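Undergrad: The structure follows.
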There are 2 protein chains.
Amino acid sequence: MSSKNIDTAVPLKPAVFHILLALSDEDHHGLGIADEVEENTAGAIRLGPGTLYRSLKEMTQDGLVREVSAPAGDEDPRRKFYRLTRSGRAALRAEASRYERIVDVARKRAVLREAR
Amino acid sequence: MSSKNIDTAVPLKPAVFHILLALSDEDHHGLGIADEVEENTAGAIRLGPGTLYRSLKEMTQDGLVREVSAPAGDEDPRRKFYRLTRSGRAALRAEASRYERIVDVARKRAVLREAR
DNA sequence: TTGGATATATCCATCTTGGATAAGAGGAGG
DNA sequence: CCTCCTCTTATCCAAGATGGATATATCCAA
């Protein structure tokens, strides 16, 4: 799939979901996204270069993210910065809701303790 | 990976995680697990027979689940019932915690509303 | 006893990922 | 001004994971 049209169907590919989440509060460039993903997941998820750049290309084609100019203060012209589109944020919210539902099930079954 | 030894590393394969969650409160047989997964995820995740039976075989080899006798009242001898092992429950808890962390990040960034 | 639903199981094509590799620009130090 | 090392994007290929078709057999209802 991917690289087709507006394919905002849940479930998202794990890599796509984590990239969207990494971009949810500010723009990042490729490797910056990979670092952010690693932080967000406490090191559990690490995107290889293949997955990273392939995903970014497909996500751009699918309209989930778009390339933007570098933020003020960043001088390195090699970096390509990305930002969520409205569609990308919607897809992120949908997938995050799916995760939320799963966590709720886990709590109801005492796999996890109840929410704080 | 898989079918090796005690390979309880996070992240789990999505299929393995959902099967563990489906078995977290009672024993189920193969197709019963698939139905339970579909319920738990509001229809978002549907395991094909290939993924289902391959996963169950590997998970048994890895010691995450074990086959148990049918519950009282179930007469169909074709069904093979499975139950979480201690190791399987630990793996489930670890992976569920990873999901929980991701949901927390999504909430902090207003992708999802705060917990009720 | 006949037919459709249920159940386990395997095989193969496709999808997805990770790692090796490449190529070029940036930056520090001599 | 060079040289070396890092950072960055990018592609390719092998390995990993999934889904669906297919096979085989049993259960159950008509």
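Just so it is clear, none of the values below were taken in a lab; they were calculated from the coordinates. Values in this document were obtained by computation on a predicted structure and should not be read as measured data. Ideal geometry is used to build each Cβ from the backbone, glycine not excepted, and the neighbour counts take in all protein chains shown.
Undergrad: Give me the percent relative contact order of chain A, please, defined on Cα pairs under 8 angstrom at least 6 residues apart.
TA: For chain A, the relative contact order is 31 percent.
Undergrad: Assuming 0.692 mPa s and 37 °C, estimate D for segment A:50-116 with Stokes-Einstein, Rh taken as the Kirkwood radius over Cα pairs, in µm²/s.
TA: 224 µm²/s
Undergrad: Ordered by packing density, taken as the mean number of other Cβ atoms within 10 Å over each peptide's residues, highest first, how do B:65-76, B:86-97 rank?
TA: By packing density, highest mean first, the sequence is B:86-97, B:65-76.
Undergrad: Would you mind getting the Kirkwood hydrodynamic radius of chain A from its Cα pairs, rounded to one decimal in Å? Walk me through the numbers before you get to the answer.
TA: Working: mean 1/r = 0.0660 Å⁻¹.
One over the average 1/r among Cα pairs gives 15.1 Å for chain A.
Undergrad: Within 10 Å of each Cβ of A:92-102, how many other protein chain Cβ atoms are there on average?
TA: Working: counts 4, 5, 1, 4, 8, 6, 5, 7, 9, 5, 13.
The mean count of partner-chain Cβ atoms within 10 Å per residue comes to 6.
Undergrad: Starting from one equal scatterer on each C-alpha and no solvent at all, send me the Debye-based log10 I(q)/I(0) for the protein assembly as shown at q = 0.07 Å⁻¹, two decimals.
TA: -0.26
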